[in-house]
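Chemist: Sharing a structure below in structure tokens format, with a few things to ask.
The values are calculated or read from the model by the stated rules, or taken from the named source; none is laboratory data. Nothing here was measured: the structure is a model prediction, and the numbers come from that model. In this analysis, Cβ positions are derived from the backbone assuming ideal geometry, glycine residues included, and neighbour counts consider all displayed protein chains.
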Amino acid sequence: MKRLITGAAALAAICISNPVSADAIDGDWCHAASGKHLNVDGPTIITPGGKRIEGDYHRHGFSYKIPAGEKAAGATVNMTQQDEQTMHLTGGFAGNAVQEWRRCSRPTS
């Protein structure tokens, strides 16, 4: 019984010290070099130009057509989550480049 209690306590300590984080592309993303940011929330995106539109959502990827009034309007942007903190963006305003985007840091109060 003592071994079971010790094991349960160790498992609880591990869970507390390593909180589970969402493993999906949803959230706020920032591109350090350009200062751009975007937000993915399921099939909805707020583009770097500030427009709220619908796109093609997958748990670890997202694509959308750039809306009128934004740079490279009509082009398709593809985003693929690399890990919890990193996303690669291709196409659209990125041209032939692969841009590395990172999760935006949370503001502190």
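Chemist: State whether one or more residues within the stretch 64-78 are under 10 Å from the mean Cα position of the chain (by Cα), at pLDDT 95 or above and either surrounded by 11 or more Cβ atoms within 10 Å (Cβ to Cβ) or β-branched (Val, Ile, Thr) (or both).
Modeler: Initial filter on the stretch 64-78 (under 10 Å from the mean Cα position of the chain (by Cα)): none.
Within the stretch 64-78, not a single residue is under 10 Å from the mean Cα position of the chain (by Cα), at pLDDT 95 or above and either surrounded by 11 or more Cβ atoms within 10 Å (Cβ to Cβ) or β-branched (Val, Ile, Thr) (or both).
Chemist: Pick from the stretch 22-37 the residues that are part of a loop (DSSP other than H, G, I, E, B) and of a type outside the set (A, V, I, L, M): which of them is nearest to Val98 (Cα to Cα)? Explain how you work it out, then say what you get.
Modeler: Kept after step one, since they are part of a loop (DSSP other than H, G, I, E, B), are these residues of the stretch 22-37: 22-26, 32-35.
Within this subset, residues satisfying the condition of being of a type outside the set (A, V, I, L, M) are 23, 26, 34-35.
On the way: Asp23: 22, Asp26: 19, Ser34: 13, Gly35: 16 Å.
It comes out as Ser34.
Chemist: For the stretch 50-63, which positions are loosely packed, with under 15 Cβ neighbours inside 10 Å and part of a loop (DSSP other than H, G, I, E, B)?
Modeler: Scanning the stretch 50-63 gives Gly50, Lys51, Arg59, His60.
Chemist: Is it true that some residue in the stretch 49-59 is in contact with a Pro (Cβ under 7 Å, 6 or more places away or on another chain), modelled with pLDDT of 95 or more and aromatic (Phe, Trp, Tyr)? First the steps, then the outcome.
Modeler: Start the filter on the stretch 49-59 by keeping residues that are in contact with a Pro (Cβ under 7 Å, 6 or more places away or on another chain), which leaves 51, 53-55, 57.
Filter again for modelled with pLDDT of 95 or more, leaving 51, 53-55, 57.
With the extra rule that they be aromatic (Phe, Trp, Tyr), the set shrinks to 57.
Yes, the stretch 49-59 contains at least one residue that is in contact with a Pro (Cβ under 7 Å, 6 or more places away or on another chain), modelled with pLDDT of 95 or more and aromatic (Phe, Trp, Tyr).
Chemist: Then there is this: Within the stretch 49-98, can you find the residues that are in contact (Cβ under 8 Å) with a residue 24 or more places away in the chain, more than 24 Å from Asp23 (Cα to Cα) and not aliphatic (A, V, I, L, M)?
Modeler: Within the stretch 49-98, Gly92, Phe93 meet the criteria.
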